[in-house]
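Comments concern the structure below.
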Amino acid sequence: YILTNAHVIEDATSVSITLIGETTARTATVVGTDTTHDLAVLHVSDTSGLVAAPFGSSASMAVGDDVVAIGNALALDGGMTVTRGIISAVDRSIETDTGSLAGLLQTDAAISSGNSGGALVNAAGQVIGINTAAATSSGTVTASNIGFAIPVDDALVAAAALTG
């Protein structure tokens, strides 16, 4: 199973997964989506060579803890991206195009379009969040290096409900 954002697969008629170093895509099926939490669960039948990422506890994260955001920033040629930062706040709420998200982890690790659905990882290499949004500047408000992730503790509860 793969956990990602609902907005990443929204409107998709088919979903495929291509791993780093592979040229052949694997077909994935959408198990379920939870737009309230911006989460989706995918299933990949061909799991050869796949290694599950270890989960940590988002509840144990505190302001100042080191994190790494993994994704595909701006979908640029050359592959995946990794950015480093800290947890800059916990329990944040934001408004998105599709509603509000609450209880988020805030990080200064650069999160850009294309990082959505990727992992936010702690210093021990454990997934503690699912990257979901970046703050943007508008009007008189300037935003820089403010990203948000869905806490993995919440994401796993929502994923369990989707997989039954």
- Query: If one takes the longest principal axis of the Cα atoms in the chain, at what angle in degrees, from 0 to 90 and to the nearest 10, does the Cα axis of helix 152-163 lie?
  - Reply: 40 degrees
- Query: How big is the antiparallel share of DSSP beta bridges in the stretch 46-145, given as a percent to the nearest 5?
  - Reply: 95 percent
- Task: Sort ILE2, ILE9 from largest to smallest accessible area, using a 1.4 Å probe on the heavy atoms of the protein chains.
- Result: ILE2, ILE9
- Using a Förster distance of 30 Å, the FRET efficiency for THR36-SER14 (Cβ separation, nearest 0.05): 0.80
- Normalised contact order of the stretch 7-64, rounded percent, pairs of Cα under 8 Å and 6 or more residues apart: 22 percent
- Query: How big is the charge dipole of the chain about its Cα centre, in debye rounded to the nearest 20, if each Lys and Arg gets +1 on its Cβ and each Asp and Glu gets -1 on its Cβ?
  - Reply: 220 debye
- Task: Go ahead and set up a Gaussian network model of the chain, Cα springs under 10 Å, then flag whichever of ILE87, ILE17, ILE130 fluctuates most.
- Result: ILE17
- Rounded percent of accessible protein surface that carbon and sulfur make up, the stretch 1-82, 1.4 Å probe: 55 percent
- Task: Compare ASP65, ASP97, ASP108 in a GNM of the chain, Cα atoms joined below 10 Å, and give the one with the largest fluctuation.
- Result: ASP97
- Accessible area (Å², per residue) of the stretch 47-153, counting only protein heavy atoms and a probe of 1.4 Å: 53 Å²
- Query: Remind me, relative contact order of the stretch 65-147 in percent, using alpha carbon pairs under 8 angstrom and six or more residues apart?
  - Reply: 30 percent
- Relative contact order of the stretch 7-164: what whole-number percent is it, with Cα pairs under 8 angstrom and at least 6 residues apart? 21 percent
- Note on the structure: The alpha-carbon center of the stretch 68-129 and that of the stretch 7-49 are separated, in whole Å, by 18 Å
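The values are calculated or read from the model by the stated rules, or taken from the named source; none is laboratory data. Everything numeric in this text was worked out from a predicted model, so none of it was measured. In this analysis, Cβ positions are derived from the backbone assuming ideal geometry, glycine residues included, and neighbour counts consider all displayed protein chains. These area figures cover heavy atoms from the full protein model, side chains too; ligands, DNA and RNA do not enter into them. Shrake-Rupley method; radii C 1.70, N 1.55, O 1.52, S 1.80 Å.
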